[in-house]
Amino acid sequence: TQLLEQSPQFLSIQEGENLTVYCNSSSVFSSLQWYRQEPGEGPVLLVTVVTGGEVKKLKRLTFQFGDARKDSSLHITAAQPGDTGLYLCAVVASNSNSGYALNFGKGTSLLVTP
Amino acid sequence: ETGVTQSPTHLIKTRGQQVTLRCSSQSGHNTVSWYQQALGQGPQFIFQYYREEENGRGNFPPRFSGLQFPNYSSELNVNALELDDSALYLCASSLQPGNEQFFGPGTRLTVL
């Protein structure tokens, strides 16, 4: 069972369009992270959201953490080809077995064409 | 400041063989985590090393093993390779367990 469900799985849009991708779970989290992974690279941390209802902005990217801290969304305004990549959400699992492991969703693969 | 580096970049092996992947952590980082990313999937946690000791392990069989050296670089060893081991193997380092993890570019392993 996947802890984090991401949707949509794939998204292909044209430059200038807006989009929203989602990360959902039935579990409550103390925090949630969003990463972007470009082809041939490892994931790069974009943001960490901590408080229920929190909204964080990173240039044209807006991240929101659900009030109940079970879900999150990423909205991109006026997408550009440079936004192309795999967007992953992740939570930190902290216990005696896993140390401080990151649990990732399957990701949303975004393609922005000129 | 040098980031996380991994070697080799690509590797092709056949079923039953053994493989060793290497990771150099970012300067000052004493924690290394390894992840397996199959095609179309998110990374899956394999294990974490902190100051040369295993600090946590995911749901991977014992044929996946690791080491961390005094300079905090790390190796991932996989014995008796299976076709399903074909994946991108990512290494990430952090200042301490629980701190932000910085990922390397990965090693692409293909098992034929």
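Values as computed for the structure displayed
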quantity: Average other protein chain Cβ within 10 Å of Cβ, residues A:100-112; calculated: 5
quantity: B:S65, A:S12, ranked by accessible area, largest first (probe 1.4 Å); calculated: A:S12, B:S65
quantity: Nearest-0.05 FRET efficiency for B:L95 and A:S31, computed from C-beta distance (R0 22 Å); calculated: 0.80
quantity: Contact order relative to length of chain A, as percent, for alpha carbon pairs under 8 angstrom and 6 or more apart; calculated: 35 percent
quantity: The stretch A:48-53 - phi-based ³J(HN,Hα) in whole Hz, Karplus 6.51/-1.76/1.60, Gly and Pro as x; calculated: 10, 10, 10, 9, x, x
quantity: Cysteines, the protein assembly as shown, no other Cys beta-carbon under 4.7 Å; calculated: none
quantity: Dimensionless Rg/Rh of the protein assembly as shown - Kirkwood Rh, Rg from C-alpha atoms; calculated: 0.97
quantity: Neighbourhood net charge (13 Å Cβ-Cβ; Lys/Arg +1, Asp/Glu -1) for B:Q48; calculated: -1
quantity: Cβ charges +1 (Lys, Arg) and -1 (Asp, Glu), total dipole of the protein assembly as shown, debye; calculated: 60 debye
quantity: Inter-label distance for A:T48 and A:Q9, nm, one decimal - labels placed 7 Å from Cα along Cα-to-Cβ; calculated: 3.1 nm
quantity: Assigned charges on the beta-carbon of Lys, Arg, Asp, Glu; chain A dipole about Cα centre (debye); calculated: 220 debye
quantity: Evaluated over chain A, the Cα radius of gyration and Dmax, each in Å; calculated: 13.9, 48
quantity: Largest-first ordering by accessible area, 1.4 Å probe, given options B:H10, B:H29, A:H75; calculated: B:H10, A:H75, B:H29
quantity: Taking all pairs of distinct alpha-carbon atoms in the stretch A:70-114, Kirkwood radius in angstrom; calculated: 12.7 Å
quantity: The stretch A:59-114 versus the stretch B:1-75: alpha-carbon centroid distance in Å; calculated: 23 Å
quantity: Reduced Cα scattering model of chain B, Debye log10 I(q)/I(0), q = 0.10, 0.12 Å⁻¹; calculated: -0.25, -0.36
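The values are calculated or read from the model by the stated rules, or taken from the named source; none is laboratory data. Keep in mind the model is a prediction, meaning the values are calculated, not measured. Because the Cβ atoms are built from the backbone with ideal geometry, glycine has one as well, and the counts that use them run over all protein chains shown. Please note that ligands, DNA and RNA were not included when accessible areas were found on the heavy atoms of the full protein model with its side chains. Shrake-Rupley method; radii C 1.70, N 1.55, O 1.52, S 1.80 Å.
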